[in-house]
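K.L.:
One structure, as structure tokens, below. Some questions next.
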Amino acid sequence: MSIRVQALTKVYGAQNAVDGISFSAEPGVLGFLGPNGAGKSTTMKILTGFIPQTSGEATVCGFDVVTQSLEVRRRIGYLPESNPLYTDMYVKESLGFIAGIHQLHDPHKRIAEVIEQTGLGPEQHKKIGQLSKGYRQRVGLAQAILHNPDVLILDEPTSGLDPNQLIGIRQLIQELGKSKTIILSTHIMQEVEAVCSKVIIINRGKIVADDTLTGLRGKNNNDPLEQIFISLTAN
Ligand code: ADP
């Protein structure tokens, strides 16, 4: 199992942002859904080693996210919601910088592969600050997959993109999901239907659904996913 989470809890002050959740994930795209404030980003930050949990356990490829954080970081790629990028850097330069951090053996070859894979070719000689939002998302994704991680954590990677950009990024996520374990947070139900094999819905820090897309529909009168989401997260 690529990701295993057991009784994971995160308390900020008096607030249980994540409240004893357990789930696992294997290769494929897992949709991680929930209203704003449900605890999705907090869970993702714990999995990627950015913040520690209050209690419970999480492993990535068998490595504990707290005690074996370096091993975890080698195997995980993360595109945070805000997609922080160095806007003064050129696309290739920024990928070279990330390749250096990962100490890749043949950075030029790998950077060329990733530029091809993410469709950054036409924009590769520009500064990041000159790119459209869609291309910036591609740079964020390129950085996240550069070290060829087995697990990818993508926090709302398609928010704010136009329909053409959306399709490109979705196709890329789908392609990557053939070999990698991807946790994808999104508010777009069409996107979940297009790319996810499994779905977890989280509400107020607790998991309210963990199923395949077909299983979830079957248990809910085959209602549209949006309606299922609303009924499970209404309170
Ligand atoms: P989501 O990603 O589902 O929108 P978050 O994980 O960002 O949810 O937030 C879960 C809850 O934890 C929210 O109520 C949010 O206000 C709170 N929260 C998130 N980060 C912090 C923080 N650094 N300090 C205090 N509360 C936080």
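K.L.:
Which residue out of 74, 138 is surrounded by fewer than 21 Cβ atoms within 10 Å (Cβ to Cβ) and under 16 Å from the mean Cα position of the chain (by Cα)?
P.N.:
From the options 74, 138, the qualifying one is 74.
K.L.:
May I pose another question? Please verify whether segment 199-215 includes one or more residues that are open to solvent by less than 80 Å² (accessible area, probe 1.4 Å) and of a type in the set (Lys, Arg).
P.N.:
No; the residues of segment 199-215 include none that is open to solvent by less than 80 Å² (accessible area, probe 1.4 Å) and of a type in the set (Lys, Arg).
K.L.:
Go over the candidates 6, 53 one by one and state the one that is surrounded by 21 or more Cβ atoms within 10 Å (Cβ to Cβ) and free of Cβ contacts under 8 Å to residues at least 60 places away in the same chain.
P.N.:
53 is the lone residue from the list that is surrounded by 21 or more Cβ atoms within 10 Å (Cβ to Cβ) and free of Cβ contacts under 8 Å to residues at least 60 places away in the same chain.
K.L.:
Right, something else. Starting from segment 176-194, take each residue that is more than 24 Å from residue 147 (Cβ to Cβ) and among the small types (Gly, Ala, Ser) and list its partners that are modelled with pLDDT under 95 and crowded, with 17+ Cβ neighbours inside 10 Å, counting only C-beta distances under 7 angstrom and pairs at least six apart or across chains.
P.N.:
As it stands, the answer is 194/170, since those pairs meet every condition given.
K.L.:
Just to verify a result, which residue in segment 181-194, among those that are at pLDDT 95 or above and more than 16 Å from the ligand (Cβ to nearest atom), is farthest from residue 160 (Cα to Cα)?
P.N.:
Ranking the candidates gives 181 first.
K.L.:
Still on this structure, please answer the following. Any residue at all in segment 69-77 that's closer than 22 Å to residue 198 by Cβ and not β-branched (Val, Ile, Thr)?
P.N.:
For segment 69-77, residues closer than 22 Å to residue 198 by Cβ and not β-branched (Val, Ile, Thr): present.
K.L.:
Considering segment 19-43 alone, what residues qualify as being part of a strand (DSSP E or B) and either aromatic (Phe, Trp, Tyr) or within 7 Å of the ligand (Cβ to nearest atom) (or both)?
P.N.:
Restricting attention to segment 19-43, the residues satisfying the condition of being part of a strand (DSSP E or B) are 19-25, 28-33.
Within segment 19-43, 23, 32 meet the criteria.
K.L.:
Separate question: Would you check which residues across segment 104-133 are aliphatic (A, V, I, L, M) and either open to solvent by 40 Å² or more (accessible area, probe 1.4 Å) or in contact (Cβ under 8 Å) with a residue 40 or more places away in the chain (or both) and list them?
P.N.:
104, 112, 128, 131
K.L.:
Check residue 171 against each of (1) within 20 Å of residue 234 (Cα to Cα); (2) within 15 Å of the chain's Cα centre (by Cα); (3) surrounded by fewer than 19 Cβ atoms within 10 Å (Cβ to Cβ) and name the one condition it does not meet.
P.N.:
Unmet condition: (1).
The values are calculated or read from the model by the stated rules, or taken from the named source; none is laboratory data. Worth saying up front: this structure is predicted, and the values here are computed from it rather than measured. For neighbour counting, all protein chains shown are included, and Cβ atoms are generated from backbone atoms with ideal geometry for every residue, glycine included. For the accessible areas, the whole protein counts, side chains as well, though only heavy atoms, and no ligand, DNA or RNA atoms are used. Shrake-Rupley method; radii C 1.70, N 1.55, O 1.52, S 1.80 Å.
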